[in-house]
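The structure under discussion appears below in the form of structure tokens.
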Amino acid sequence: MNSKHKLCMIPGPVEFHEDVLTSMSTLATSHVSPSFIPIFGEVIELLRKIFCTEKSQPFVVSGSGTLGWDMVASNLIESDEDVLVLNTGYFGDSFADCLQTYGVKVTQVKADIGDRPSLEEIRQALTTKKFKAITITHVDTSTGVLSDIKAISTLVQQISPETLVIVDGVCSVGSEEIRMDEWNIDIVLTASQKALGVPPGLCILIASERAMNVFHNRETPIKSYYASWRNWLPIMNSYESRKGMYFATPPVQLIFALHTSLKQIISRPLELRFQQHKEVSNRIKNSLEELGLKFVPKNREIAANGMTAVYYPEGVKATDLLPKLAEQGVVIAGGLHKVIGPKYFRVGHMGISVTEPERKHIDNTIEALKGNLKDLGCKGDN
């Protein structure tokens, strides 16, 4: 690693493996080149393994994770249909805004800052009307709150089995357990730059067979051109069958990089990967808790394993901590939530920083955090 490089320990983008970066350093390559077509095809197949699904349809499209919201809103939901949005922070607000842009009727179940809707609240909401879909932010990057998507999906199957279960997994895929088929999840959307360990630029979405049937049987025109699965599905099918096809030029080098990262991820059991993220999360949270700091999630049981959101000590602000950490080679993030933004900071711990402890990313981050926080008056036991 470049000695001048500062560790990027924010909740995405994360640190990238050297082989992933090398994969992006290819010469100019046609998107219908015989050297690229099988790579893209295998990426589609590998994604099913990552999401623990056999027959769901992956989409890999140039864009940020936000594009996944537009794909959901334009392809699966029709105007004036009802969607239940579970809101645990900034990204629940934004998903709701996106849906409303497409004329969707949104009902929100909002949790207090640092909390998540209870199963009883969700149960009650599901009985009020027939919802086309329910959306869940698996990990809201603004609060670090982790939703129990397995329990929520089970509840939906009991109360409203026709409702599609849609998971925003931008800040969870690769660091939190997700089993699409076993848990009856219809959509998981994510992006390349977090725990999948690839530079930003790819929106990745996986749709169940049931979701694809809903798409094929919709009654009104799709209100998007670029996000339309009518344009993208033939492309995905073609590449998976090892044939090139064109709708819009794919980011060839990013897909090479994704291929490398996915191969690395599946080379080891996913269960081990999830356990490593839990163990590292506990290390970081324990270190901060020992200093007397309070987390944004109301308790550790609902806190994400790939990031930590923690309030500054009393009298300390972002400009007191973040620049000093950066001077020591560690970059963390400030707050994002609209209400409490200036009051807290966020640390990302995903991908190779977690799965390859020999790199000392976590050790260096904990050391820098503890040293600077102690200098700012955190003595612990308070």
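Every number here is computed from the coordinates shown, using simple stated rules; none is lab data. Since we're looking at a predicted model, the values are computed, not measured. Because the Cβ atoms are built from the backbone with ideal geometry, glycine has one as well, and the counts that use them run over all protein chains shown.
Counting just the Cα atoms, what span does the range 5-119 cover along each of its three principal axes? Round to the nearest Å and put the largest first.
48, 38, 27
Taking only DSSP H segments of four or more residues, each worth -39500 (n - 2.57), what value at 222 nm results for the chain once the sum is divided by all its residues, to the nearest 500 deg cm²/dmol?
-12000 deg cm²/dmol
Using the number of other C-beta atoms within 10 angstrom as an exposure proxy, rank Asp186, Asp82, Asp112, Asp70 with the fewest first.
Placing the least packed residue first, the sequence is Asp112, Asp82, Asp70, Asp186.
For Met245 and Lys374, what does the FRET efficiency come to when R0 = 56 Å and r is the distance between their Cβ atoms, rounded to the nearest 0.05?
Once rounded, the FRET efficiency stands at 0.45.
On a full-extension model of 0.36 nm per residue, what is the gain between Glu42 and Asp112, subtracting their alpha-carbon distance, rounded to one decimal in nm?
Once the chain is fully extended between Glu42 and Asp112, it gains 21.0 nm.
Going Cα to Cα from Lys294, which aspartates and glutamates come in below 17 Å? Please leave out same-chain ones fewer than 8 positions away.
The qualifying aspartates and glutamates are Asp112, Asp115, Glu314, Asp381.
Let me spell out the model: positive unit charges on the Cβ of Lys and Arg, negative unit charges on the Cβ of Asp and Glu, origin at the Cα centre of the range 18-266. What dipole size does that give, in debye rounded to 20?
For the range 18-266, the charge dipole is close to 560 debye.
For Lys317, give me every one of the aspartates and glutamates with a C-alpha distance below 16 angstrom, ignoring sequence neighbours fewer than eight places off in its own chain.
Asp375
From the Cα trace of the range 265-316, what convex hull volume per residue do you get, rounded to a whole Å³?
79 Å³
Mark the label point 7 Å from the Cα of Ser62 along Cα→Cβ and return the residues of the range 217-245 whose backbone N is within less than 20 Å of it.
224-240, 243-245
Give me the extension gain from Glu314 to Lys129: residue separation times 0.36 nm, minus the current Cα-Cα distance, reported in nm with one decimal.
The Glu314-Lys129 span can extend by a further 62.1 nm.
Can you tell me the relative contact order of the range 18-266? Whole percent, Cα pairs under 8 Å, sequence separation 6 or more.
The normalised contact order for the range 18-266 reaches 31 percent.
Shape verdict for the range 226-382, please, from the Cα gyration tensor: rounded (a/c under 1.5), prolate (a/b greater than b/c) or oblate.
Verdict is prolate for the range 226-382.
Filter the chymotrypsin sites (Phe, Trp or Tyr not before Pro) in the range 203-300 to those in DSSP coil with at most 13 other Cβ atoms within 10 Å of their Cβ, and list the result.
Of the chymotrypsin sites (Phe, Trp or Tyr not before Pro), the ones in loops of the range 203-300 whose Cβ has at most 13 other Cβ atoms within 10 Å are Tyr225, Tyr246.
Beyond 28 Å, how much of the Cα-Cα pair distribution for the chain remains, as a whole percent?
So the pairs more than 28 Å apart make up 45 percent of the total in the chain.
In the range 106-239, what is the count of Lys pairs whose alpha carbons are under 23 Å apart, counting only pairs at least 8 residues apart or on separate chains?
The number of close lysine pairs in the range 106-239 is 10.
For Val339 and Lys150, FRET efficiency with R0 = 25 Å and r from the beta-carbon atoms, rounded to 0.05?
Rounded to the nearest 0.05, the efficiency is 0.30.
To make sure I understand, if each residue's beta carbon is the centre and we count other beta carbons within 10 Å, what order do Thr128, Thr308 fall in, fewest to most?
Final ranking by Cβ density, sparse to dense: Thr128, Thr308.
Could you give the C-alpha radius of gyration of the range 270-348 expressed as a fraction of 2.2 N^0.38 Å, taking N as the number of residues it contains?
Taking N as the residue count of the range 270-348, the ratio is 1.13.
Starting from the Cα-Cα distance between Leu119 and Arg283, subtract it from 0.36 nm times their residue separation and give me the gain in nm to one decimal.
Length gained, Leu119 through Arg283: 56.1 nm.
Where does each of Met180, Met24, Met350 land when they are ranked from fewest to most other beta-carbon atoms within 10 angstrom?
Least to most surrounded, the residues fall as Met24, Met180, Met350.
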